[in-house]
């Protein structure tokens, strides 16, 4: 079976340290890098002051970024957090201004699980018609709060064609859910994916160069493509960490098998750098160099995986 070509996006998270700590590297430089690396688009994480990785929140800056995207022929999605309808309405308007095609979010509600689920559903029911009016679907991610099974239950309850899902390759690990099980649950609603890689080290989930961890990158990608889902963002999460969370969807927690087996830290800083935030304070230039090395290693692995898949050999 020959699989369809991928609409491959570079994600701002792959360059988060450079975007934050190198004043000479702007969003416009990243757009040029996206084109040079052969990407179809860019995934813009805009959480934080002044829309963080967008580089500014003034109408003039937003107009310049929108123009730069069009000039380079790049597609765009934006990403935020919180299901608060007022917040999402504001971000849907930003998506329209940028020409973005989707708005990713995840819940920020806290408390007993049943209340969090109910509040998230109420929010998304309210925002569905607004998203439809703007022509920009809201995508709920299996972030660090919900299993894929719970995301599917939420979207089934919301039941709106403009409220769908973003599947993350690795986030289900934190909740003791196999990534392939999360994908199976979410696939009917999934319109985009975050490709990344993880291992279990130091008693938590750790981000490593994509293709060098334990996630079944090729198998997940193949299943997405076979289902007709081709929009994938390359989110290289080098040195990201997340503690394990309780699984509360009523299904048994996965704790065995190669994905959840503890991984020995190879003491290779371009694979994983403990206390990366402390190192940013001490030597941001070193962190930026390591981030770039990790990205290059991951790109080589990912390109090989994608070439095999799209040529029908996997």
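The values are calculated or read from the model by the stated rules, or taken from the named source; none is laboratory data. Treat the numbers as computed from the prediction; the structure is a model and nothing was measured. Neighbour counts are summed over all protein chains in view; Cβ atoms, including those assigned to glycine, are modelled from backbone coordinates with ideal geometry.
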- Any chance the range 59-80 includes a residue that's within 18 Å of the chain's Cα centre (by Cα), under 30 Å from residue 247 (Cβ atoms), in a helix (DSSP H, G or I) and in contact (Cβ under 8 Å) with a residue 24 or more places away in the chain? no
- Item | In the range 264-279, the residues that are surrounded by fewer than 18 Cβ atoms within 10 Å (Cβ to Cβ) and either within 18 Å of residue 242 (Cβ to Cβ) or out of contact with any strand residue (DSSP E or B) (no Cβ under 9 Å at 6 or more places or on another chain) (or both) | 265, 266, 267, 268, 274, 275, 277, 278, 279
- Note on the structure: Just one listed residue, out of 125, 136, is in contact (Cβ under 8 Å) with a residue 12 or more places away in the chain, farther than 25 Å from residue 243 by Cα and assigned to a loop (DSSP other than H, G, I, E, B), and it is 136
- Item | Qualifying position, being over 24 Å from residue 125 (Cα atoms), at pLDDT 95 or above and surrounded by 14 or more Cβ atoms within 10 Å (Cβ to Cβ), among 63, 104, 72 | 72
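Go through the range 102-117 and give me each residue that's over 16 Å from residue 141 (Cα atoms) and touching a helix residue (DSSP H, G or I) at 6+ places or on another chain (Cβ under 9 Å).
110, 111, 113 - these are the residues of the range 102-117 that are over 16 Å from residue 141 (Cα atoms) and touching a helix residue (DSSP H, G or I) at 6+ places or on another chain (Cβ under 9 Å).
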- Message: What pairs come out if I take residues in the range 189-218 that are on the phi > 0 side of the Ramachandran plot and touching a residue at least 24 places away in the same chain (Cβ under 8 Å) and pair them with residues that are outside any loop (DSSP other than H, G, I, E, B) and surrounded by fewer than 19 Cβ atoms within 10 Å (Cβ to Cβ) whose C-beta lies under 6 Å away, six or more apart or interchain?
- Response: 211/301
- Go through the range 22-51 and give me each residue that's in a helix (DSSP H, G or I), in contact with a helix residue (DSSP H, G or I) (Cβ under 8 Å, 6 or more places away or on another chain) and more than 15 Å from residue 233 (Cα to Cα). 27, 28, 32, 51
- Query: Which of the residues belonging to the range 226-242 are closer than 24 Å to residue 154 by Cα and in contact with a helix residue (DSSP H, G or I) (Cβ under 8 Å, 6 or more places away or on another chain)?
  - Reply: 227, 229, 230, 232, 242
- Query: Do you know which residues across the range 276-308 are under 18 Å from residue 198 (Cβ atoms) and at pLDDT below 95?
  - Reply: 305
- Is there any pair with a first residue in the range 98-109 that is on the phi > 0 side of the Ramachandran plot and assigned to a loop (DSSP other than H, G, I, E, B) and a second that is modelled with pLDDT of 95 or more and surrounded by fewer than 21 Cβ atoms within 10 Å (Cβ to Cβ) whose Cβ atoms are under 6 Å apart and which are 6 or more apart or on different chains, and what are they? 99/66
- Only listed residue being touching a residue at least 60 places away in the same chain (Cβ under 8 Å), under 17 Å from the mean Cα position of the chain (by Cα) and either under 26 Å from residue 42 (Cβ atoms) or not in a strand (DSSP E or B) (or both), chosen from 173, 186: 173
